[in-house]
Amino acid sequence: MTDALVNIPETATPGEIIEIKLLISHPMETGFRPRSDGSLVPRDIITSVRCLYGGETVLEVDLNPAISANPFLVFHLRADRSDEIALEWTDWGGVVHREARQITVA
Amino acid sequence: MTLTRRAAIAIGLGAPLVLLTRPALASPETMNAAIAEFTDGRSVQEGRITLDIPVLVENGNSVPMTVEVDSPMTPEDHVTEIAVFNERNPLPDVVRFRPSPALGLARFQTRIRLGDTQKITAIARLSDGTLWSAAMTVIVTAPACIES
């Protein structure tokens, strides 16, 4: 299981643009790094991140080896209803990790 | 032949160049090819998108980057995709964002790796099909990607 820090406000006023932060604990191994014997350390990266607001995809991000270890992402979302905000990310093995929070908009 | 002080210094200065031979790097040409694939031959205008990266970074392993597009993010007028390219890492693609108008603000922040001093290009595709770009050169004193 990947460790991640997810920062999503618990409350917002209608129409407020909130800030969402995600920090995933992951080496983001590029696949270009040589070992001492000259062979390359195999690539192991998070390939994509998705944000869903009430089940609807609002953002997709494609990651590449050029993203730093422990991928960090900050983006915004217009909070217009109380609903679930979920973050899903896919690792090199195709496993999808998910963190979800409930936001109350009033 | 005795090794003079001057020759020793010259060897010392030259050595890092030999040690720093790298695996196949992307080149400005591969970046341009990746950009051409993204833009699909359409013309790209400068402006509307801003790219914010420190001009001089010490550590290429973790470079903060913010990209923002001046867009109202309404269903009629919004950003559909932002792509960031580099010219000297092993691969030309850095990151792509595909926002929906629900975000309300087209501003994204992440941390990237830079294998060398190089030009970074960001291109935004808007819902009306137009393409907007921004580019900047970042000087890297300790590169990423290839150190063991």
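Overview of results
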read-out	value
Long-range amide H partners of B:I112 with built H, under 5 Å	A:S68, B:V63, B:M65
Simple spin-label estimate for B:A36 and B:K119 in nanometres, 7 Å along Cα-Cβ	1.6
Buried solvent-accessible surface, both chains (B, A), 1.4 Å probe, Å² to nearest 100	2700
Radius 10 Å from Cβ of B:T66, net charge of other residues (Lys, Arg +1; Asp, Glu -1)	-1
Residues in the range A:50-66 that a label on A:E16 would reach, taking backbone N under 20 Å of a point 7 Å out along Cα→Cβ	A:52-54
Other-chain or far-sequence residues with amide H under 5 Å of B:E81's (modelled H)	B:R125
Square roots of five times the Cα gyration tensor eigenvalues for the protein assembly as shown, Å	38, 22, 15
Charge sum, other residues only, whose C-beta stays under 13 Å from A:E99's C-beta, Lys/Arg counted +1 and Asp/Glu -1	+1
Of all accessible heavy-atom area on the range B:25-142, the percent that carbon and sulfur account for (1.4 Å)	49
Solvent exposure of the protein assembly as shown as accessible area per residue, Å², 1.4 Å probe	49
B:S43-A:R35 FRET efficiency (beta carbon distance; Förster radius 45 Å; 0.05 resolution)	0.50
Total charge dipole magnitude, the protein assembly as shown, about the Cα centre, Cβ charges on Lys, Arg, Asp, Glu only, Debye to nearest 20	1060
Listed residues A:S48, A:S68, A:S39, most fluctuating in chain A (Gaussian network, C-alpha, under 10 Å)	A:S39
Average beta carbon contacts from partner chains per residue of A:53-64, 10 Å cutoff	5
Carbon/sulfur fraction of accessible area - chain A, other protein chains in place, 1.4 Å, %	48
Length released on extending from B:V55 to B:M136, taking residue separation times 0.36 nm less the Cα-Cα span	28.4 nm
Rg to Rh, two decimals, where chain A supplies the alpha carbon set and Rh follows Kirkwood	1.08
Ellipsoid semi-axes in whole angstrom, largest first, where each is sqrt(5λ) of the Cα gyration tensor of the range B:25-142	25, 16, 10
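The values are calculated or read from the model by the stated rules, or taken from the named source; none is laboratory data. Keep in mind that this is a model prediction, so the values were computed, not measured. Reconstructed Cβ throughout: ideal geometry from the backbone, glycine too, with neighbour counts over all protein chains shown. Surface areas here come from the heavy atoms of the whole protein model, side chains and all, with no ligands, DNA or RNA. Shrake-Rupley method; radii C 1.70, N 1.55, O 1.52, S 1.80 Å.
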